[in-house]
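The values are calculated or read from the model by the stated rules, or taken from the named source; none is laboratory data. Since this is a predicted model, take the numbers as computed values, not measurements. Positions of Cβ are generated from backbone atoms using ideal geometry, with glycine treated the same way; all protein chains shown enter the neighbour counts. The accessibility values were calculated without ligands, DNA or RNA, using every heavy atom of the protein model including side chains. Shrake-Rupley method; radii C 1.70, N 1.55, O 1.52, S 1.80 Å.
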Amino acid sequence: MNLTLQPATQLQGRVTVPGDKSITHRALLLGGLSNGPSRIDGFLDSGDCRATLGCLQALGVEIERPGAETLLVRGRGLHGWREPEDVLDCVRSGTTMRLMAGLLAGRPMYSVLRAEAQLRRRPMDRVITPLTAMGAQIAARDGNRLPPMTIVGQSLQGADHTLPVASAQVKSCLLLAGLYAEGTTTVRESGPSRDHTERMLRGRGVLVASEGLVHSVTGPIQHLDALDVQVPGDFSSAAYLIVAALLVSGSEIVVGNVGVNPTRTGLLDALRAMGALIELENERDEGGEPVADLRVRTAELRGTAIGGEVVPRMIDEFPILALAATQAQGETRVRDAAELRVKETDRVATTVEALRALGAQIEAAPDGFTVLGPTPLRGAAVDGAGDHRLAMTLAVAGLIARGGTTVLGAECIADSFPGFGETLGQIAGGAQ
Ligand code: S3P
């Protein structure tokens, strides 16, 4: 599927974005482990979250859909999952594979986690090595590094882990394994990654101790309370609309009901440092997560330097930040972001290549990139490389590029933002 865009004159209006991907995964998984039914309202019905849902069903968890945006997860308790008859399909979802590995490592069952080609290239040793230190028995391809993964559940012991890279997927995997382990499991992060797992475990009655970047849980936990979850809009999806409104002259939009957990909103800090004025309105707390409406107006941007602690707080937003930087005055330098190379694609390489094809001045670095702006972009046919975040970035570029822009392979956008083209069309009138 291709998405074709024409230059937009101004973006106006109020829109919402689909539910948060990370929170939906966790609400499904923890719902399936709870004692009794949990409702999930506003869940994200995307390719990645369906992968988690499918794995849970294969483990015997019943999930109903009583409304278009509501799921009812009939939790079977921490010890109620049954051995899956067939392989568990994580499709393209790294979160599904890594969190599932933590949950299955300590269960007395045999399971195989499979993946599509894109996910088969992503490193799993980052979870296999620490889980093995807790007593897990896991094998994987290429010297226990790449999917698929085979897990023969074992009794686990708590361990003290120091993570070499800030990763919420790895942190969550180990804390979830820690629910089943004997003794204390500690995770020491190198930077502040998203904390939805800790928040949701606490909401279900588990004591997760956090002091700065050190988190621990003492197991074995016997019981998770059922918990109804209202999923806020995904900040990482709102990011494309925010940058679109900043770049298309004369725009003013409101993106309503967006999760603004500070472990997710590093992009706001970066954009504000570049001169953007983005207002948070109607700030509130919903189910243990901060939520707000975001008002964005067009702004003149200037280059900035991004590195250090903000990187994990905006880890999914670097392709769209790179696009913003092409329109900013001067140099934008991103460093300390080598993690980008092991996302859905090598996002340093794919972002640099795709934005260059539109005329941007951008150079790759081992752990980031440097952009020189402002540069007028020219429309072209560009490939999203099967990466939803790159494809959405290119679509936003199409709103400011001269002539028409066609994003090839735009179906991958549904991995995180189903209805993206329509939402853009609501504020732009230019997307087809
Ligand atoms: C996610 C964590 C991030 C992010 C991914 C979702 C999560 O990965 O890139 O899209 O739900 O935990 P890392 O924390 O491993 O960098």
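Observations, loosely collected:
- Surface/4 estimate of mean projected area, convex hull on alpha-carbon atoms of region 99-222, nm²: 7.1 nm²
- Rounded to the nearest 5, the antiparallel percentage of DSSP beta bridges internal to region 21-230 is 75%.
- Ranked from largest, the principal axis spans of the Cα set of the chain equal 59, 44, 40 Å.
- Near the amide H of residue 330, within less than 5 Å, lie the amide hydrogens of 303, 373, all on another chain or at least 5 residues away, with H placed in the peptide plane.
- Solvent-accessible area assigned to carbon and sulfur over region 21-230 amounts to 48 percent, based on a 1.4 Å probe.
- When nucleic acids and ligands are ignored and a 1.4 Å probe is applied, residue 406 ends up with an accessible area of around 40 Å².
- Residues with amide H under 5 Å from that of residue 383, placed H, sequence gap 5 or more: 408
- Taking 0.36 nm per residue of sequence separation and removing the Cα-Cα distance, the residue 297/residue 378 pair yields an extension gain of 26.8 nm.
- Solvent-accessible area of residue 400, all protein chains in place: 40 Å² (probe radius 1.4 Å, heavy atoms, ligands and nucleic acids excluded).
- Dipole moment magnitude, nearest 20 debye, the chain about Cα centre, only Lys, Arg, Asp, Glu C-beta charged: 520 debye
- Straightening the chain between residue 184 and residue 9 buys 57.3 nm, computed as 0.36 nm per residue apart minus the Cα-Cα spacing.
- Taking 0.36 nm per residue of sequence separation and removing the Cα-Cα distance, the residue 281/residue 65 pair yields an extension gain of 74.6 nm.
- Two-decimal log10 I(q)/I(0) for region 21-230, as the Debye equation yields it once each C-alpha is a single scatterer, q = 0.12, 0.17 Å⁻¹: -0.53, -1.16
- Computed FRET value (nearest 0.05) for residue 223 with residue 411, which takes r as the C-beta separation and R₀ as 45 Å: 0.60
- Dividing the Cα radius of gyration of region 231-275 by 2.2 N^0.38 Å, with N the residue count, gives 1.15.
- With N the number of residues in region 54-167, Rg(Cα) / (2.2 N^0.38 Å) evaluates to 1.10.
- Against the criterion of solvent-accessible heavy-atom surface with a 1.4 angstrom probe, 110, 180, 240 sort, most first, into 110, 180, 240.
- In Å², nearest 10: area of residue 316 left accessible to a 1.4 Å probe: 20 Å²
- Of all DSSP-defined beta bridges confined to the chain, some 70% are antiparallel rather than parallel.
- Each residue of region 343-357 is assigned a 3J(HN,Hα), and the resulting list reads 8, 3, 10, 6, 6, 5, 5, 6, 5, 4, 5, 5, 5, 4, 5 Hz, derived from the Karplus form 6.51 cos²θ - 1.76 cosθ + 1.60 (θ = phi - 60°), x at Gly and Pro.
- Between residue 150 and residue 357, the modelled label-to-label distance comes to 3.9 nm, taking each label 7 Å out from Cα in the direction of the beta carbon.
- Figure legend: label point modelled 7 angstrom from the Cα of residue 202 along Cα→Cβ; residues of region 166-190 with amide N under 18 Å from it are 168, 171-173, 175-176, 179, 185-189.
- Solvent-accessible area per residue in the chain equals 35 Å², computed with a 1.4 angstrom probe and all protein chains kept.
- FRET efficiency estimate (nearest 0.05) - Cβ-Cβ, residue 269 to residue 422, R0 30 angstrom: 0.50
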